[in-house]
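Worksheet for the structure shown next.
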Amino acid sequence: MELMDALRHAIQDWVIPELDKLHLENAEIRTTLGLTNKRLDDIQQQLIDQSRRIDETNKRIDKVHDDLLARIDETNKRLDRLYEVIVRRDEHVGLEHWVRELDRKIDSLERRLAA
């Protein structure tokens with residue numbers, strides 16, 4: 001029996017400290033895993049927040065884009081109107097020149113007839 005007791009004590013002296021070490025390492029791994037999971041949750045929350053902010057920024061960009069398109073369209077309309085006014089003014093100047101020329105010719109004809 002003494003041999004069995006001695007063998008039992010030897011195994012307990014060797015195995016129990018190893019089991020205690022394993023339990024301690026297991027507890028450390030669980031703690032590390034818990035911290036890692038917490039960090040991953042924090043990162044996921046940050047990504048969700050960034051995604052939301054990106055969506056809001058995209059909406060603002062779309063709004064600015066639509067506003068710019070409307071302003072460009074309005075500017076194009078104003079430029080078209082300005083072109084029409086300039087062309088009419090140019091035509092007006094040409095017509096004015098033509099009318100003066102006709103007035104001179106009429107005056108010349110009237111002078112010849114009066115003479």
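The values are calculated or read from the model by the stated rules, or taken from the named source; none is laboratory data. Predicted model only: the values in this text are computed from it and were never measured. Backbone-built Cβ (ideal geometry, glycine too); neighbour counts: all protein chains shown. Surface areas here come from the heavy atoms of the whole protein model, side chains and all, with no ligands, DNA or RNA. Shrake-Rupley method; radii C 1.70, N 1.55, O 1.52, S 1.80 Å.
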Criterion: of a type in the set (A, V, I, L, M, F, W, C), open to solvent by 80 Å² or more (accessible area, probe 1.4 Å) and modelled with pLDDT under 95 - qualifying residue of LEU19, LEU33:
LEU19
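Results for (1) hydrophobic (A, V, I, L, M, F, W, C); (2) surrounded by 10 or more Cβ atoms within 10 Å (Cβ to Cβ), shown as yes or no for each residue.
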{"residue": "ILE61", "(1), (2)": "yes, yes"}
{"residue": "HIS65", "(1), (2)": "no, yes"}
{"residue": "TYR83", "(1), (2)": "no, yes"}
{"residue": "ILE86", "(1), (2)": "yes, yes"}
{"residue": "ARG112", "(1), (2)": "no, no"}
